[in-house]
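Take a look at the structure set out below.
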Amino acid sequence: MTPDSIRSNAYPVGKTSPEGPLLAIESSCDETACAILAPDGTILAERLISQEDHAAFGGVVPEIAARAHLALLPDLARKTLESSGLRRSDLSAVAASTGPGLIGGLIVGASFGKGLAIALGKPFIAVNHIEAHALSARLPGVFDGQLLFPYLLLLVSGGHCQCLAVEGVGHYRRLGGTIDDAAGEAFDKVAKMLGLGWPGGPALETLAREGNPTAFALPRPLKGRAGCDFSFSGLKTAIARQLEPFGSAPLPRQVAADLAASFQQAVADVIRDRVTHALAMMERPTALVAAGGVAANSVLRACLTGLAAEHSLPFVAPPLRLCTDNAVMVGWAALEICREAARRDLPVPDDRAMRPRPRWPLAEMAGRFEPA
Ligand code: KG4
Ligand code: ZN
């Protein structure tokens, strides 16, 4: 990390930042979202639809998601523009998540964004969805002060579970991640076993409030191991084993609540341990940041707040609506990319030629700023 990569996140509206507002699109999973941001990061409008068609299947069905994005996006973009009070011609750039994620949805969002950018004669900025989560904590107003690089990001969602050293825009070092399920996936699967709806995380947290977190002795997978990888599949199996004696009989509510509370506590304990290791793998991090749907969990948040305090670090988590998938973070990441380009005397990027990618390793993001 170079000293000049430690910079303020107060956004200077510079020569190569977009001169006017930018429209951002998110469509990598089951949220269809649009946002309009001013060049300084002020949110001028945001709209989001969480697709409900997947609940009956107990998980996101990629083909249904892609079709729903296609049906929803044009109207959502129009309404977002309307609520910002702007006209289409006022937009200076268009950004969209172009990976990683479900390819059908990514193609819909990227094609829509590119089409609009071409029609307007403005640049299209391709945003890596994970990069957008990683930078979302720097959105103006999220942190009281300036969130400087490098910080530790714990990304815990339905599809991702990893620790990243965020060292600068385009500079992300993966310290560790899950070797099986993502944390949210584990919450969803256990919730399903307990007869709760989907997505299971919020329902499980609600039920756990009635339960005793020490009622069941559940394993703490990988706790104490070197590095900061995660594993949740053993916990899921342990819950299944506890359920065996009940067979197909309805589960008594108190048992379900005790299992939910014990599972939630085990996840929080394991994450605390893994994040402690991740902090030790970084040189002087400025903050502990959490993002992704599971970062909404209050037991986990309390646990991470305590951990950060022990390390004399602030704990930063974007508000819930910006923790889960959204278009504001996509727009903000695009602005950060433009600012980094400006710092390097590069023009606003135009990624019209870039194809959506179901996999898009963060390690490739630095290449954007390297000379061609
Ligand atoms: O980030 P997100 O909205 O979507 C992606 O997966 O990218 O995360 C959704 C995940 C789901 O697995 C959901 O069950 C979990 O986040 N989740 C929670 C809570 N709220 C959402 N898990 C635990 N506790 C919660 N309060
Ligand atoms: Zn996400």
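The values are calculated or read from the model by the stated rules, or taken from the named source; none is laboratory data. Keep in mind that what you see is a predicted model, and the values were worked out from it rather than measured. Glycine also receives a Cβ, built like all others from the backbone with ideal geometry; neighbour counts cover every protein chain displayed. The accessibility values were calculated without ligands, DNA or RNA, using every heavy atom of the protein model including side chains. Shrake-Rupley method; radii C 1.70, N 1.55, O 1.52, S 1.80 Å.
Under 20 Å from a point placed 7 Å out from the Cα of residue 241 along the Cα-to-Cβ direction: which residues of segment 189-211 have their backbone N that close? Zone members listed by number: 189-194. Other residues whose C-beta falls under 10 angstrom from the C-beta of residue 110 contribute a net charge of +3, scoring Lys and Arg +1 and Asp and Glu -1.
Taking a ≥ b ≥ c as the square roots of the Cα gyration tensor eigenvalues, with a/c under 1.5 meaning rounded and otherwise prolate when a/b beats b/c, else oblate, which class fits segment 149-317? Spell out each step's value before the answer.
Working: a/c = 2.19, a/b = 2.08, b/c = 1.05.
Verdict is prolate for segment 149-317.
Once the Cβ-Cβ distance of residue 111 and residue 179 is raised to the sixth power relative to R0 = 35 Å, the FRET efficiency obtained is 0.55.
When shorter helices are ignored and each DSSP H run of at least 4 residues is given -39500 (n - 2.57), the per-residue value for the chain at 222 nm works out to -12000 deg cm²/dmol.
Between the Cα long axis of helix 328-343 and the first principal axis of the chain there is an angle of about 50°, rounded to the nearest 10.
Can you tally the net charge around residue 221? Count Lys and Arg as +1, Asp and Glu as -1, for every other residue whose Cβ sits under 15 Å from the Cβ of residue 221. Each step should come with its number before you reach the end.
Numbers: positive: 189, 220, 223, 225, 236, 241, 272, 274; negative: 180, 181, 185, 229, 269, 273.
Its environment carries a net charge of +2.
Answer rounded, prolate or oblate for segment 43-191, using the Cα gyration tensor with square roots of eigenvalues a ≥ b ≥ c: rounded when a/c is under 1.5, else prolate when a/b is larger than b/c, else oblate.
Values: a/c = 1.91, a/b = 1.17, b/c = 1.62.
Because a/c hits 1.5 or more and a/b fails to exceed b/c, segment 43-191 counts as oblate.
Cross-link reach is defined here as a Cα-Cα straight distance under 17 Å, omitting same-chain residues fewer than 8 places apart; for residue 223 the lysines meeting it are 236. Estimated from the Cβ-Cβ distance and a Förster radius of 22 angstrom, the FRET efficiency linking residue 214 and residue 281 is about 0.10.
Compute the accessible area per residue over segment 149-317, keeping the other protein chains in place, probe 1.4 Å, unit Å². Intermediate values should be presented prior to the final figure.
On the way: 6690 Å² over 169 residues.
In whole numbers, segment 149-317 has 40 Å² accessible per residue.
Can you send over the carbon and sulfur percentage of the accessible area for the chain, probe radius 1.4 Å, protein chains only? That fraction is 55 percent. Pairs of Cα atoms in the chain fall into 20 Å distance bins, from 0 up to the last occupied one, in shares of 30, 56, 14, 0 percent. Qualifying trypsin sites (Lys or Arg not before Pro) in segment 43-124, where qualification requires a DSSP coil assignment and no more than 10 other C-beta atoms within 10 Å, comprise 87.
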